[in-house]
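Working notes, structure below.
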Amino acid sequence: MEKLLQIWVAFGTLALLAVAAFAEDVVVLTEANFEKEVGQDRGSLVEFYAPWCGHCKKLAPEFEKLGTSFRKAKSVLIGKVDCDEQKSLCSKYDVSGYPTIKWFPKGSLEPKKYEGPRTAEALTEFVNTEGGTNVKIATVPSNVVVLTADNFNEVVLDETKDVLVEFYAPWCGHCKSLAPTYEKVATAFKSDEDVVIANLDADKYKDLAEKYSVSGFPTLKFFPRSNKAGDEYEGGRDLDDFVAFINEKCGTSRDGKGQLTSNAGIVASLDALVKEFLAATNEEKKAVFARIEEEVEKLTGFSARYGKIYLKAAKNCMEKGSDYAKNERERIQRILDKAISPAKADEFTLKKNILSAFA
């Protein structure tokens, strides 16, 4: 068992390192760190952008792909500067439009402006030429389910799944701008098997687009397990907007990074009984425990799973004393502070949240 735990810890460490590396593929540059990172012992390709700029949003997924491709190239840095936040830095380098892309040779703060196509392929070719590297475009796995005419009904109309579908067109600028955010949504909910984040090329599969009254791009429709006719998604298009929508509609409790929130696993009716349980004498606890058992038997879906954790916690409190919940939460937190797999992190977070009711 100990050896198995060591394997899980090792696996989790690798996973966290991979996530950390991905997060730093495009280095965020500011006035405070610019000259520490740029013009030193490696060449740097820097995008000067504005968050509101449509062309910048269109470039974003290409630039992220570029950063991922050069992740292991120690002689090259791929960075970006938010000109809304770093006005003096952008002024210093004569940035007058967005996005502006500049190459800073190794050991120099005198840049060369990039004038080529704004694709990952073209940018990679440019950096390889200027930096003397030989990097190939990285393929980043996607967590968005790609729909076609062959699998649409099987995936979207599955009455055991809640499915969010983006109907897009490859030539659509707004679709390209949404793409990196939509990928983050899919990544955040990839551990929830009953939640599916999918997309369909509506330009290619026009019949399906017409069937679901799609007339503009991107169009987002939510197909809950209770309504496979599809509901129009009319919320915001930031990551937090999508996450809040999925949590509300699907009963999930995740944040934008895919981690469970402090509300995950909490069942209001059981929390009320736990309060009675804690206030009861040792003899009275048995009667309240029986009521908790009855309430758990009524639960369905996710709540049924959470109910079993409540029951086990209540039983252990009776058998191991009043300090059990506090000690167990501290033990679980020590585990969570280590590198463990996402599945194990979910499992322990649920237990910790539910044990908080017994503290």
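Brief remarks on what is shown
- Scanning segment 230-269 for residues that are acidic (Asp, Glu) and not in a loop (DSSP other than H, G, I, E, B) returns Asp231, Glu232, Asp240, Asp241, Glu248.
- All positions within segment 333-350 that are among the basic types (Lys, Arg) and either buried (at least 17 other Cβ atoms within 10 Å of the Cβ) or touching a Gly at 6+ places or on another chain (Cβ under 8 Å) (or both): Lys338, Lys344
- Given (1) open to solvent by 60 Å² or more (accessible area, probe 1.4 Å); (2) of a type in the set (A, V, I, L, M, F, W, C); (3) modelled with pLDDT of 95 or more, index of the condition Ile7 fails: (3)
- Meets criteria (touching a helix residue (DSSP H, G or I) at 6+ places or on another chain (Cβ under 7 Å) and open to solvent by 30 Å² or more (accessible area, probe 1.4 Å)) for Lys161: no
- Those residues of segment 61-117 which are of a type in the set (Asp, Glu), farther than 21 Å from Asn134 by Cα and in a loop (DSSP other than H, G, I, E, B), in sequence order: Asp84, Glu85, Asp94, Glu110
- The single condition among (1) surrounded by fewer than 20 Cβ atoms within 10 Å (Cβ to Cβ); (2) within 16 Å of Thr30 (Cβ to Cβ) that Lys106 does not meet is (2).
- Close pairs from segment 286-313: first closer than 20 Å to Glu328 by Cβ and open to solvent by less than 30 Å² (accessible area, probe 1.4 Å), partner charged (D, E, K, R) and assigned to a helix (DSSP H, G or I), Cβ under 6 Å, at least 6 apart: Val288/Glu276
- Residue selected from segment 21-57 under the condition closer than 13 Å to Ile101 by Cβ and in a helix (DSSP H, G or I), by the criterion least open to solvent (accessible area, probe 1.4 Å): Cys56
- A single member of Lys87, Lys136, Lys112 is without any contact (Cβ under 8 Å) to a residue 24 or more places away in the chain and farther than 14 Å from Val46 by Cα, and it is Lys87.
- Flag for Glu319 being modelled with pLDDT under 95, open to solvent by 60 Å² or more (accessible area, probe 1.4 Å) and over 30 Å from Tyr182 (Cα atoms): yes
- You will find that of Glu121, Glu154, Glu193, the residue that is under 20 Å from the mean Cα position of the chain (by Cα) and free of Cβ contacts under 8 Å to residues at least 40 places away in the same chain is Glu193 and no other.
- Any hit, segment 313-332, residues being assigned to a loop (DSSP other than H, G, I, E, B) and among the β-branched types (Val, Ile, Thr): no
- Counting only residues that are among the basic types (Lys, Arg), within 26 Å of the chain's Cα centre (by Cα) and open to solvent by 90 Å² or more (accessible area, probe 1.4 Å), segment 202-230 holds 1 of them.
Table: residues versus (1) part of a strand (DSSP E or B); (2) touching a Ser or Thr at 6+ places or on another chain (Cβ under 6 Å); (3) modelled with pLDDT under 95; (4) more than 30 Å from Arg42 (Cα to Cα).
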{"position": "Pro141", "(1), (2), (3), (4)": "no, no, yes, no"}
{"position": "His174", "(1), (2), (3), (4)": "no, no, yes, yes"}
{"position": "Leu178", "(1), (2), (3), (4)": "no, no, yes, yes"}
{"position": "Glu193", "(1), (2), (3), (4)": "no, no, yes, yes"}
{"position": "Glu210", "(1), (2), (3), (4)": "no, no, no, yes"}
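The values are calculated or read from the model by the stated rules, or taken from the named source; none is laboratory data. If you're wondering where the values come from, they're calculated on a predicted model, not measured in any experiment. Here the Cβ is made from the backbone with ideal geometry for all residues, glycine too, and neighbour counts use every protein chain on show. These area figures cover heavy atoms from the full protein model, side chains too; ligands, DNA and RNA do not enter into them. Shrake-Rupley method; radii C 1.70, N 1.55, O 1.52, S 1.80 Å.
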